[in-house]
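Report on the structure given below.
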Amino acid sequence: MTRSCILALLFLPGFLLAEEPGDSNRLFDFAELHYAGYFSPAGRETMSLQGYLVRYYPETNTYLGTREGRVYVHGEQFGVGIIEVGRISDFISVSTEPGTAPETVVDLTDLILTRRSGNCADYAGQYSSDVVDTSRSLSFSGSLSISVSNNTCTFSSNGIPNHDMGQGGAFATPVSAVTQNFMVTATPHQTGSSTALTLEYDNAVLLNGVKVDIFAAACFGVGDGKIGCNNINQPWRYDPMSPLNNFGTDSHNAHTQPSGAYHYHGNPRALFDFSTAVESPVVGFAADGFPIFGTYFDDNGTVRKAESSYRVKSGTRPSGAGNPGGMYDGTYRDDYEFVAGLGDLDACNGMTVDGVYGYYITDAFPWIINCFMGTPDSSFRKGPP
């Protein structure tokens, strides 16, 4: 099979008109100059195949392609399959129409946030980041757009965070840029009763464009205990944040889904100062529109950590068919019980401070959020498991 046929098979999601070559060729030249270890020899022929513009680099057996303004790589050193790493505009300045100027893009890379507004509309803008998947020494560019219309904020991102990924982790699937769009109401309200988390919905989106997805599809006695537990009523669901479990999360309490989408299960250990008693900023928004704050709040003049009202049950778990037995120790979500007033926060891990209700990141279960006090937007729905 010829190299052109191989390329055509690699880049075959669907036939589209090819990219305009100007920006793509400048992107290819940029990659050859700055990432010669992956893309060499330089100056390879640019080919138009199945709607992509592609260059093949025989010395490293890698492929670099563009389509619809996005950048893709393929090669053993990047992982399995075709991996999206960002937009062309994340790496170079793209052409604009005469008389127009691109909107200012704020660099979020390793940025510590400070704003405490609970209205998502106050964060509208264009954002980017330049980070590394340390497990593969592979650079990624994050992109996030927050727009507002009719009291609704739309978060459009490629799911790449504003910090390096992979440190200390063991991801089952390599990180990949994954386009995602979440809609958040700018005027959330409590419904009077909470809405449970489910496997069908992502839970929140942070201000670096990365989602929060608390539940793992992993339960005692189902498959290998790591995947396949798609029945929300199945007992003994593992908690990925427990140090007794090994879910391959990195130093930011995140790992990947089968699609390569990076997501958090707990404190992202970024976006806010979690090591000092400083009143924490808003770091994101839950699917119901309420803000998510960092760990610290001002308690009548004393800045301290918000405390969860959950505790590990005492005694031993049931044993026998379908039950793990052993002492309650936090391995499973069912190991915990809510005790009103035990800490600062309600059953959903939220409270009202200075008239603003929000969820708080905690050092203990449930870590970020445990239910919704408002109505989650359908844009967070993942579809059937």
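The values are calculated or read from the model by the stated rules, or taken from the named source; none is laboratory data. All of these numbers come straight from a predicted model, not from anything done at the bench. Cβ coordinates were reconstructed from backbone atoms using ideal geometry, including for glycine residues, and neighbour counts include every protein chain displayed.
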Among strands (runs of 3 or more DSSP E) lying entirely in the range 1-74, which contain 3 or more residues that are closer than 23 Å to GLY142 by Cβ and at pLDDT 85 or above?
62-67, 70-74
Name the residues in the range 162-211 that are more than 29 Å from THR109 (Cβ to Cβ) and in a loop (DSSP other than H, G, I, E, B), would you?
THR187, PRO188, HIS189, GLN190, THR191, GLY192, SER193, SER194, LEU197, THR198, LEU199, GLU200
Filter pass, THR249 being modelled with pLDDT of 95 or more, assigned by TED's automatic domain parsing to the domain that holds PRO318 and either under 22 Å from LEU207 (Cβ atoms) or not acidic (Asp, Glu) (or both):
yes
Is it true that PHE247 is touching a Pro at 6+ places or on another chain (Cβ under 8 Å), on the phi < 0 side of the Ramachandran plot and outside any loop (DSSP other than H, G, I, E, B)?
no
Kindly establish whether THR96 is at pLDDT 85 or above and part of a loop (DSSP other than H, G, I, E, B).
no
Matching residues, the range 43-77, being farther than 16 Å from ILE88 by Cα and either exposed (fewer than 14 other Cβ atoms within 10 Å of the Cβ) or polar (S, T, N, Q) (or both):
GLY43, GLU45, SER48, GLN50, PRO58, GLU59, THR60, ASN61, THR62, GLU76, GLN77
Name the single residue that is farthest from VAL148 (Cα to Cα) among those in the range 268-318 being part of a loop (DSSP other than H, G, I, E, B), of a type in the set (D, E, K, R) and within 26 Å of the chain's Cα centre (by Cα).
GLU307
Taking the conditions exactly as written (out of contact with any strand residue (DSSP E or B) (no Cβ under 9 Å at 6 or more places or on another chain), over 30 Å from CYS229 (Cβ atoms) and either in contact (Cβ under 8 Å) with a residue 24 or more places away in the chain or of a type in the set (A, V, I, L, M) (or both)), does THR154 satisfy them or not?
no
Of the residues THR154, THR187, which is at pLDDT 95 or above, over 20 Å from the mean Cα position of the chain (by Cα) and either assigned by TED's automatic domain parsing to the domain that holds SER135 or of a type in the set (Gly, Ala, Ser) (or both)?
THR187
Subset of the range 329-349, residues within 18 Å of SER193 (Cα to Cα) and either of a type in the set (Val, Ile, Thr) or touching a Gly at 6+ places or on another chain (Cβ under 6 Å) (or both), comes to VAL339
Where residues in the range 114-134 are over 17 Å from the mean Cα position of the chain (by Cα) and part of a loop (DSSP other than H, G, I, E, B), which of them is farthest from PHE297 (Cα to Cα)?
ALA124
Which residue pairs have Cβ atoms under 8 Å apart, sit 6 or more places apart or on different chains, and have a first residue in the range 365-385 that is in the same structural domain as PRO268 (by TED's automatic domain parsing) and modelled with pLDDT under 95 and a second that is surrounded by 14 or more Cβ atoms within 10 Å (Cβ to Cβ) and outside any loop (DSSP other than H, G, I, E, B)?
LYS382/TYR201
Scanning the range 355-364 for residues that are in contact (Cβ under 8 Å) with a residue 40 or more places away in the chain and in a loop (DSSP other than H, G, I, E, B), which turns out surrounded by the fewest Cβ atoms within 10 Å (Cβ to Cβ)?
ASP363
Which members of the range 108-126 meet the condition of being more than 14 Å from ASN162 (Cβ to Cβ) and either outside the structural domain of ASP273 (by TED's automatic domain parsing) or in contact with a Cys (Cβ under 9 Å, 6 or more places away or on another chain) (or both)?
ASN119, CYS120, ALA121, ALA124
Reported set for the range 135-151 where residues are more than 14 Å from the chain's Cα centre (by Cα) and not small (Gly, Ala, Ser) is ARG136, LEU138, ILE146, VAL148, ASN150, ASN151
Filtering the range 226-264 down to residues that are within 20 Å of the chain's Cα centre (by Cα), within 24 Å of TYR328 (Cα to Cα) and of a type in the set (S, T, N, Q) yields SER242, ASN246, THR249, ASN253
Of everything in the range 44-60, what is touching a helix residue (DSSP H, G or I) at 6+ places or on another chain (Cβ under 7 Å) and not aromatic (Phe, Trp, Tyr)? Give them in sequence order.
THR46, MET47, LEU49, GLN50, LEU53, VAL54, ARG55
Sole residue being modelled with pLDDT of 95 or more and loosely packed, with under 12 Cβ neighbours inside 10 Å, chosen from GLY343, GLY350, GLY284, GLY325:
GLY325
